[in-house]
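The values are calculated or read from the model by the stated rules, or taken from the named source; none is laboratory data. Owing to the predicted nature of the structure, the values given are computational and were not obtained by experimental measurement. Virtual Cβ from ideal backbone geometry, glycine too; neighbours counted across all protein chains shown. Side chains are part of the model used for accessible areas, which takes the heavy atoms of the whole protein and leaves out ligands, DNA and RNA. Shrake-Rupley method; radii C 1.70, N 1.55, O 1.52, S 1.80 Å.
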There are 2 protein chains.
Amino acid sequence: MIKVNDNFLRIPSSYLFSEIARQVSDYCHTHPNAKIIRMGIGDVTRPICPAAISGLHAGADEQAQASTFHGYGPEQGYQWLRNAIATHDYASRGITSVTPDEIFIGDGAKSDLGNIGDILSPDCRVAVTDPVYPVYVDTNAMAGRAGTLSENGLWNRIIYLPCTKENGFVPELPHEVPDVIYLCYPNNPTGTTLNRQQLKVWVDYALANNALILFDSAYEAYITDADVPHSIYEIPGARQCAIEFRSFSKTAGFTGLRLGYTVVPHDLKGFGANGEEVELHRLWLRRQTTKFNGASYVVQRAAAELYTPEGRRQVRQTVDYYMANALMLRNGLTEAGFEVYGGVNAPYIWVKTPDAMSSWDFFRFMLEKCNIVVTPGAGFGPSGEGYVRLTAFSTHEATTRAIERIAALRTR
Amino acid sequence: MIKVNDNFLRIPSSYLFSEIARQVSDYCHTHPNAKIIRMGIGDVTRPICPAAISGLHAGADEQAQASTFHGYGPEQGYQWLRNAIATHDYASRGITSVTPDEIFIGDGAKSDLGNIGDILSPDCRVAVTDPVYPVYVDTNAMAGRAGTLSENGLWNRIIYLPCTKENGFVPELPHEVPDVIYLCYPNNPTGTTLNRQQLKVWVDYALANNALILFDSAYEAYITDADVPHSIYEIPGARQCAIEFRSFSKTAGFTGLRLGYTVVPHDLKGFGANGEEVELHRLWLRRQTTKFNGASYVVQRAAAELYTPEGRRQVRQTVDYYMANALMLRNGLTEAGFEVYGGVNAPYIWVKTPDAMSSWDFFRFMLEKCNIVVTPGAGFGPSGEGYVRLTAFSTHEATTRAIERIAALRTR
């Protein structure tokens, strides 16, 4: 009999962004002249920088000639790209322990964050911050680690770590000890960060409890404060307890090209049911060589150009462009009387809904009154209720218009 | 505690092609002047055709401008590519039932074949032909469906369907009823096929037993016989029992670009443990939207060009080029006194080892005497013992040289 994975039947079928898209589409249908500004989904708007574009063209030209054609590449990615990452994303920041061999190139952080569960026991207890990027929770629900979904929107086997304005968006250590802890800093969706000392608390906790930290640092390029770590490996001991996920999506605009990477240090060990100690590196390598055939050559070729002096300058320009939007949004929303978090070290702005409005109500309010699409905080988990997320990934022009519309709310 | 997926600890760590690479590398190290011809791994050598290259360049140019920039695309692939596939790969062959909505674009058949297990119960009993593409077995072993590995190289929960010259490489229906049956035709590694009547036996069996067929038709473009089906959906009833996997790797040389697609018909239903009936389409859509962010835009853009009249002509030329190699290999090996199978509807040649030599011994023999890399049949499963696989993906020149070296064996 075709027996399905029962865990899938326990997951609500609607995914946050599909539901937003549906409601926006319905609104546009009844309001065909509305000029919608989309600040909901975290997609970028700036074109790919010239350095990467020239890499794409060069890669295409190489694929057109037998003498320079590239077929199957290494499943872990090309050595030249792994070398460039080790040099520029780690060694240049003083993290000399990360070797190219520990870097796995993938087709994006979402895939790797979703697939990493393959190498972990279905018994692992998982902790997530709340609110949280839904992929962490949903992929664990699919693997049977979440248990059952309660009416309050919480899974009974997931350990939630509330992050609200009351605790300054800094998660407290849990009462139950998890086996796996997802941390995303700078945070999606709140745009907040952990400083070095705050992250050290988690590394120490993971080491003391032999837990694994899955550290999503997709937004590290947006960090402006010197005291905010770009990599978890800046914290002593992290190589024994953490896997780090990175993305080219928000730094270089590769959301459509698809590229990311995952660092699995050799020092990181897990245990079999019989107590056998095993390097997670070996398991992830086995997973990737068996179920993945490497990221596209032309995209890796383009990414390598991002590490040239010119490429790095261009990436910086793009990040600065979005951070100017973030500042505009922070200031504009604050001036309009809203309570605003994030946006300093991250491209996300986390806004408290006014008058105890629910986050979906405020989503509809913003859609109807300002024609601005935001993401309801409740879509990221129960502690996201009472907030919405705005992204800084629009154009300057759209961001300016959005601020004007928000400012106009006050005068009504 | 960091508890790992114990199933990984039961899988032998060496993967077939890595082991071959190691032995070839060792040989080259001690024989630096050897002119190695690689006919082991199934990678292509022809460059990407001009139509697809122009698609890559056009895609890159679009990514360079804000007005034509493409960020996150649909996880299932762009509609224009799904439409082209439905029209040209299905409707034009008389299969009008496959709709674009049933086609999921992915980053290659290996990923989809590996990930499809996510939506199936870990309890499913799996049947594979033997010899077999190792990914089918290894990915099920990782998911706990294979049981334990015996000394004879067989997993105790996998149902093996031997395909040898004794049964004409046509698998017999199993005694134990499987829940999931992997069929790959034209076959990797044997290069043999099932005709319409032979495939119908399996569709009828799956329908009668409510089993799922995972049909890998990555090599359908190589079919020359009119009686060999290109798609399992040519067989009545297949929409109720089969998922089909296709690849752009061997047709258009996209091994390095990464693209494939998977067809999940809406008619295909599975069952939860409580008897709930569910469309596998819905589960795969949920899996892909949660754990995947779509294939690279520029690669999809390139693939769309393959469906223009010029693109189709160019793909045909590439396939014909490799099939000329296949014919050369078949004839050359036969003339040299070898027993040869496949190579008529597939780019793979399956050769019986002479003098009851083991397949790894014959691998080393071919490496040392002819400097030709072949794949030992035993690497594909116990019934592959006594055979080796050669691929037709080399250049004409290399194939000609290989045949000369093989012919020279006779005169020694």
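If the condition is being surrounded by fewer than 20 Cβ atoms within 10 Å (Cβ to Cβ) and within 22 Å of B:Q317 (Cα to Cα), then segment B:54-86 contributes B:S54, B:H57.
Being polar (S, T, N, Q), assigned to a helix (DSSP H, G or I) and without any contact (Cβ under 8 Å) to a residue 24 or more places away in the chain is a property that A:T400 lacks.
Candidates in segment A:207-228 are the residues that are assigned to a loop (DSSP other than H, G, I, E, B) and in contact with a strand residue (DSSP E or B) (Cβ under 7 Å, 6 or more places away or on another chain); of these, the one that is farthest from A:E305 (Cα to Cα) is A:A211.
I'm checking my understanding of the structure. Among residues of segment A:98-116 that are hydrophobic (A, V, I, L, M, F, W, C), open to solvent by less than 10 Å² (accessible area, probe 1.4 Å) and not in a loop (DSSP other than H, G, I, E, B), which one is farthest from the other protein chains (Cβ to nearest Cβ)? Break it down into steps so the answer makes sense when it comes.
Filtering segment A:98-116 for residues hydrophobic (A, V, I, L, M, F, W, C) gives A:98, A:103-105, A:109, A:113, A:116.
Cutting the leftovers down to open to solvent by less than 10 Å² (accessible area, probe 1.4 Å) gives us A:98, A:103-105, A:113, A:116.
Okay, now just the ones that are also not in a loop (DSSP other than H, G, I, E, B), so A:103-105, A:113, A:116.
Working: A:I103: 19, A:F104: 14, A:I105: 12, A:L113: 8, A:I116: 10 Å.
In this case the residue turns out to be A:I103.
The lone criterion from (1) surrounded by 19 or more Cβ atoms within 10 Å (Cβ to Cβ); (2) in contact with a Leu (Cβ under 9 Å, 6 or more places away or on another chain); (3) at pLDDT 95 or above left unmet by A:T192 is number (2).
Highlighted here are the helices (runs of 4 or more DSSP H) found entirely within segment A:8-95 that include at least 3 residues which are within 14 Å of chain B (Cβ to nearest Cβ) and of a type in the set (A, V, I, L, M): A:16-30, A:50-63. Within segment B:379-394, not a single residue is in a loop (DSSP other than H, G, I, E, B), of a type in the set (S, T, N, Q), more than 23 Å from B:D320 (Cα to Cα) and touching a residue at least 12 places away in the same chain (Cβ under 8 Å). Among the criteria (1) within 30 Å of B:V299 (Cβ to Cβ); (2) part of a helix (DSSP H, G or I), the one A:D355 does not fulfil is (1).
Which is within 30 Å of A:M142 (Cα to Cα) and touching a residue at least 24 places away in the same chain (Cβ under 8 Å), of A:I95, A:I116? Only one candidate passes the filter, namely A:I116.
The rows are residues; the columns are (1) among the acidic types (D, E); (2) surrounded by fewer than 24 Cβ atoms within 10 Å (Cβ to Cβ); (3) touching a residue at least 60 places away in the same chain (Cβ under 8 Å).
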{"residue": "A:A238", "(1), (2), (3)": "no, no, no"}
{"residue": "A:V298", "(1), (2), (3)": "no, no, yes"}
{"residue": "A:Y321", "(1), (2), (3)": "no, yes, yes"}
{"residue": "A:A326", "(1), (2), (3)": "no, no, yes"}
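Does A:T334 fit the bill of being among the hydroxyl-bearing types (S, T, Y), free of Cβ contacts under 8 Å to residues at least 12 places away in the same chain and open to solvent by 10 Å² or more (accessible area, probe 1.4 Å)? Spell out the reasoning first.
Working: among the hydroxyl-bearing types (S, T, Y): yes; free of Cβ contacts under 8 Å to residues at least 12 places away in the same chain: yes; open to solvent by 10 Å² or more (accessible area, probe 1.4 Å): yes.
It is true that A:T334 is among the hydroxyl-bearing types (S, T, Y), free of Cβ contacts under 8 Å to residues at least 12 places away in the same chain and open to solvent by 10 Å² or more (accessible area, probe 1.4 Å).
Taking the conditions exactly as written (among the polar types (S, T, N, Q), in contact with a Phe, Trp or Tyr (Cβ under 9 Å, 6 or more places away or on another chain) and open to solvent by less than 10 Å² (accessible area, probe 1.4 Å)), does A:N371 satisfy them or not? Criteria not met by A:N371.
Please tell me if A:D204 is among the acidic types (D, E), within 14 Å of chain B (Cβ to nearest Cβ) and either part of a strand (DSSP E or B) or open to solvent by 10 Å² or more (accessible area, probe 1.4 Å) (or both).
In short, no.
Scanning segment A:117-131 for residues that are open to solvent by 10 Å² or more (accessible area, probe 1.4 Å), more than 8 Å from chain B (Cβ to nearest Cβ) and assigned to a loop (DSSP other than H, G, I, E, B) returns a single hit, A:R125.
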